Amino acid sequence: MSAEEFLTTIKYFSVSKFVEFIKKEKPTETIRNVKLYYKGTYTFIDKFGNMCLKPIYIIIFTNSKPIYINHEKLLYLFDAQPVIQFKTNKARRLPEGRYRLNMFYLTIDFKQQESKDGYKYYPIEIHKEVNQQIVDKIESLRIATYGESLEDMCDKVILEELE
């Protein structure tokens, strides 16, 4: 199956399921955290009210050296386009307006924590990528289908008209 065909298949992962998947794929590595890069235009809210994002580039930070996974490798690793879903709050919400055109990264800490009520979770944070060279490089490696390219063009035209 080609990378473009994997884009038509989507697999949903909670943050915990994503961490379990990565640990299973890299069992010999001691992973500290992971950065998942994504475009704001490829985020949405699912029917359960969770924020969902489609990563296009991943950096796995280990104790030895970082592991870089571009979009094509990511599609083959998951046998689909992975979608990471989590609850929204003040710090984690869907980008709006022209902010959706930006590149962001989600950092997942692999050191599990426990809340006061006994709920175990992996801490996550969302940041805007401010280095334009990184944004351009990651964007150049993204696999796009014909339909996605048209959607990108339409999004940009609509947002330009709103200015």
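The values are calculated or read from the model by the stated rules, or taken from the named source; none is laboratory data. Small disclaimer: the values here were computed from a predicted structure and weren't measured. Every residue, glycine among them, receives a Cβ derived from its backbone with ideal geometry; neighbour counts consider all protein chains shown.
Structural remarks
- In the set (1) under 20 Å from ILE10 (Cβ atoms); (2) surrounded by fewer than 20 Cβ atoms within 10 Å (Cβ to Cβ); (3) touching a His at 6+ places or on another chain (Cβ under 8 Å), ILE56 fails one condition alone, (2).
- Inter-residue pairs, beta-carbon under 9 Å, first on the phi < 0 side of the Ramachandran plot and in the range 9-23, second in a strand (DSSP E or B) and among the polar types (S, T, N, Q), 6+ apart: THR9/GLN81; ILE10/GLN81; LYS11/GLN81; TYR12/GLN85; PHE13/GLN85; SER14/GLN85; VAL15/GLN85
- Single condition LEU94 does not satisfy, out of (1) more than 15 Å from ILE126 (Cβ to Cβ); (2) touching a Lys or Arg at 6+ places or on another chain (Cβ under 9 Å): (1)
- Test: residue in the range 66-86 that is part of a strand (DSSP E or B) and within 16 Å of ASP109 (Cβ to Cβ): yes
- Set LYS24, LYS35, LYS11: member being in a helix (DSSP H, G or I), surrounded by fewer than 20 Cβ atoms within 10 Å (Cβ to Cβ) and at pLDDT 90 or above: LYS24
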